Amino acid sequence: MKNSCREPRGRMVFHLLLRHSLVFVLSLTALELAAQADNELMQSILTEYAAQSDEEQDAEQLFEMLETLSENPVRINFADHEELTRLFWLTEFQIKSLLHYIKSKGPVLSLFEVAYLYGFTPETVQNMAPFVSLETKPEKENLKPSRVLRYGKHKIVAVGQGLLQRQEGYSRPDSMSHYMGSPVKTSLRYSFSYSDRVRFGVTAEKDAGESFFRGNNPYGYDFYSFHFQIKTRSFLKTLVLGDYRANFGQGLTLWSGMRFGKIAMLMNSVRYAESLRYYASTEENRFFRGAGATFDLKLLELSVFYSYKDIDASVSERDENGKALAATTFPYTGYHRTPTEIAQKDAAKEKVAGTNLSVTRSNWHIGITADYYAYGVALMPQPNSYNHFDFSGKSGGNYSVDFRFRLENTLFYGEQALSEKGATGGFYGIQTLIGEYLTAHLHYRRYAKNFHTRYGGAFGENTRNNNEEGFFLGWNLDLKGKWRLASYWDIFRFPWMRYRTYAPSFGQEVFLQADYIPSRNTKLYLQLRHKEKEENAAQVQVSTTVPVKTQTAKLVFSHQITETIGIGNHLEIKNYRKENAASAGYFLSQDVRAGIFTEHPLQITFRFALFDTGNYDSRIYAYENDILYGFSIPAFFDRGARLYLMLKYGIGKHLDVCLRYASTRYTDRNTIGSGLTEIQGDRVSEIKAQVIVKL
């Protein structure tokens, strides 16, 4: 129960400054800022990704992409346009600039050369550095089994984690609603890779509360995944077996990978699809299971795939033999902890088949994509006004045409799609380089209220690409001095009702970020955001909507004290207003990271944070460093303190051990959570342990 006596807001700034000063003094004893994938840009993308989505998303793909890039860097002296698009934050103009330089001047011998190319800045090159190679010898083309087995790399990653406090779901085993398994979440991964040419692996995972080697999981883990991928330089360009992803065009028809948000659009608004790619994550829904292949037909490229897998379903109708006939939803959580969730597990079958035919030349690309999906049950959503146009039935499909062509310093791109019953979805954009350092992005999207894509993931304000129309205007100004500016304005409308908005509605978002980089060791950025959307009015007839406004201001500072010592600060303030209801809050953190020892390096990451918000409406999201493949971006609301400590110890070249402890203590409550997740007390703590074996 929350304490009704809260500190007056007028005192917030004084206490904020006092607490910040104390934390900063303590941080001066601290050590190291690790770089690698803890790039501020990636943190911003992931934080926005968590804050703007209503679904549990799979961010593991981003870490996998960065890890793959780190282990198999882009050999820029031999790379073509397609290979350079693996560096997905590079714009079309930067890629063309780099290719032209290498063609005219010869191999790049130092990344300092790249920093002075047209359209590049030292910071862009700094972001590239861990993921590129300057090798001047061509790669061996053969894929002899003996060579693959001899030079291939094995990796095993084992993880165990759990809360130290007991949740209500584990305290009533005799009731009909309780968790059937232990409170430990565990996963095991094995992978074998040879360059980026051959990949094989197995992933197994069980969530906290799920059974393990008993109950509904007599064979151990709740989720198993297998993948095999091979890439060649011949007719069969890519072959995937087992679990995989399919990404084509700008994502309107097929994009089963991670969908980036608006900050990423400022980085590079154009998507370069990787077609078919193995899947090794623990997210249990947005992937395909079966086989796929991409063929190089010289003038054309053809991809085909087929998937058949079990999916979860909330069954609403069965026949006399108990066979499922209809379902109200296809749950995406992947949780199978309670009797209700277990009954939903693998209750329906899903078949998906698709193809893509594309032509790519130096200055243009065009592709045609088609997919068809069918279910073993009829999807019949619960009737509500806002979901009147949602997908229903047993099958559907999509067709789309995507394009990309460049005229001088302007790139035009987009995708037009069609779903069942003639519903349309369209996404069109322009990216233009104005001078050497100013890039502008403009795109328009229109997704009909009855447009459906099962695995689409194009840009949009909604989680799903339907019932939306909008304009996005953004620009980047990258100076070779100490400043970088970025801004966007996104205005959108929803022609039909939405959840909690029972009338057509409008919204807009304005964003500005200024980066100040006085040296390569010090970075500071200020981020301002205003967002406005409409929701149902409180205690008024259902057709009345009112604006909901949020404003946030974020200041982030990081400084590399020495080669192995650094600190970071994060201050964020947020205001929320709906009619006469308003709340405000702040989040303040101090990061301390260190690397000590040389023979057996130990990396230490520490954060202490304070937060105080009026309620959940003014919640603030903050990225946290986590174990490999971990994804921690908690939402902070009410009042309390947060800390975490992570230790990563390298034992030789083949073994890494990582431990992470995180704890949040609330000062205005004596229970945390509700229902099965409720914890008695004012503290919730989590511990994670990870072992990585590399051979």
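Take the residues of the stretch 231-279 that are small (Gly, Ala, Ser) and assigned to a loop (DSSP other than H, G, I, E, B): which is farthest from residue 453 (Cα to Cα)? If you could, list the steps in order and put the result at the bottom.
Keep residues of the stretch 231-279 that are small (Gly, Ala, Ser), which gives 234, 242, 246, 249, 251, 256-257, 261, 264, 269, 273, 275.
Next, only the ones that are assigned to a loop (DSSP other than H, G, I, E, B) stay: 234, 249, 251, 256-257, 261, 269, 273.
Values: 234: 33, 249: 14, 251: 10, 256: 11, 257: 14, 261: 19, 269: 21, 273: 17 Å.
If we take residues in the stretch 231-279 being small (Gly, Ala, Ser) and assigned to a loop (DSSP other than H, G, I, E, B), then 234 is farthest from residue 453 (Cα to Cα).
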For this session: Six or more apart or on different chains, Cβ under 6 Å: which pairs go from a residue in the stretch 677-695 that's under 15 Å from residue 167 (Cβ atoms) to one that's of a type in the set (Gly, Ala, Ser) and at pLDDT 95 or above? Could you list them?
Result: 685/663; 686/662
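Every residue, every condition in (1) more than 19 Å from residue 70 (Cα to Cα); (2) polar (S, T, N, Q); (3) modelled with pLDDT of 90 or more, yes or no:
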| site | (1), (2), (3) |
| --- | --- |
| 99 | yes, no, yes |
| 116 | yes, no, no |
| 120 | yes, no, no |
| 130 | no, no, no |
| 135 | no, no, no |
| 142 | yes, yes, no |
| 167 | yes, yes, yes |
| 176 | yes, no, no |
| 182 | yes, yes, yes |
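Taking the stretch 89-127, which residues are assigned to a helix (DSSP H, G or I) and either among the aromatic types (Phe, Trp, Tyr) or closer than 14 Å to residue 79 by Cα (or both)?
First pass over the stretch 89-127, keeping only residues assigned to a helix (DSSP H, G or I): 92-105, 111-115, 122-127.
Within the stretch 89-127, 93, 94, 95, 96, 97, 98, 99, 100, 101, 102, 103, 112 meet the criteria.
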For this session: Filter the stretch 223-266 down to residues that are within 24 Å of residue 202 (Cα to Cα), aliphatic (A, V, I, L, M) and surrounded by 23 or more Cβ atoms within 10 Å (Cβ to Cβ), then give me how many there are.
Result: 3
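Table: residues versus (1) among the hydroxyl-bearing types (Ser, Thr, Tyr); (2) out of contact with any strand residue (DSSP E or B) (no Cβ under 8 Å at 6 or more places or on another chain).
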site	(1), (2)
385	yes, yes
392	yes, no
403	no, no
408	no, yes
413	yes, no
Exercise. Cβ-Cβ below 9 Å, separation at least six or inter-chain, first residue in the stretch 601-618 and in contact (Cβ under 8 Å) with a residue 60 or more places away in the chain, second small (Gly, Ala, Ser) and in a helix (DSSP H, G or I): which pairs?
Worked result: 606/27; 608/27
Seminar exercise, completed: Of those in the stretch 303-319 that are more than 28 Å from the chain's Cα centre (by Cα) and loosely packed, with under 15 Cβ neighbours inside 10 Å, the residue farthest from residue 362 (Cα to Cα) is 319
Exercise. Which residues, taken from the stretch 172-222, are in contact (Cβ under 8 Å) with a residue 40 or more places away in the chain and of a type in the set (Lys, Arg)?
Worked result: 189, 197, 199
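So in the stretch 631-689, with the set limited to residues that are under 24 Å from residue 157 (Cβ atoms) and acidic (Asp, Glu), which one is surrounded by the fewest Cβ atoms within 10 Å (Cβ to Cβ)? Working first, answer last.
Within the stretch 631-689, the subset under 24 Å from residue 157 (Cβ atoms) is 631-634, 644-662, 685-689.
Right, trim to acidic (Asp, Glu) and you get 656, 686.
Numbers: 656: 20, 686: 18.
Ranking the candidates gives 686 first.
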Problem set entry | strands (runs of 3 or more DSSP E) within the stretch 291-367 that include 3 or more residues aliphatic (A, V, I, L, M) and touching a residue at least 24 places away in the same chain (Cβ under 8 Å) | 301-311, 324-327, 348-360
For this session: Name, by its number, the condition in (1) assigned to a loop (DSSP other than H, G, I, E, B); (2) of a type in the set (S, T, N, Q); (3) surrounded by 13 or more Cβ atoms within 10 Å (Cβ to Cβ) that does not hold for residue 136.
Result: (3)
Exercise. Counting only residues that are surrounded by fewer than 18 Cβ atoms within 10 Å (Cβ to Cβ) and acidic (Asp, Glu), which one in the stretch 551-610 is nearest to residue 527 (Cα to Cα)?
Worked result: 579
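Going residue by residue through the stretch 242-256, is there one that turns out to be farther than 30 Å from residue 430 by Cα, of a type in the set (A, V, I, L, M, F, W, C) and in contact (Cβ under 8 Å) with a residue 12 or more places away in the chain? I'd like the intermediate steps shown before the answer.
Just the residues of the stretch 242-256 that are farther than 30 Å from residue 430 by Cα, to begin with: 242-244.
Those left that are additionally of a type in the set (A, V, I, L, M, F, W, C): none.
No, the stretch 242-256 contains no residue that is farther than 30 Å from residue 430 by Cα, of a type in the set (A, V, I, L, M, F, W, C) and in contact (Cβ under 8 Å) with a residue 12 or more places away in the chain.
The values are calculated or read from the model by the stated rules, or taken from the named source; none is laboratory data. This one's a predicted model, so the numbers in the text were calculated from it and none came from an experiment. Note that we place each Cβ from the backbone using ideal geometry, even for glycine, and neighbour counts take in every protein chain shown.
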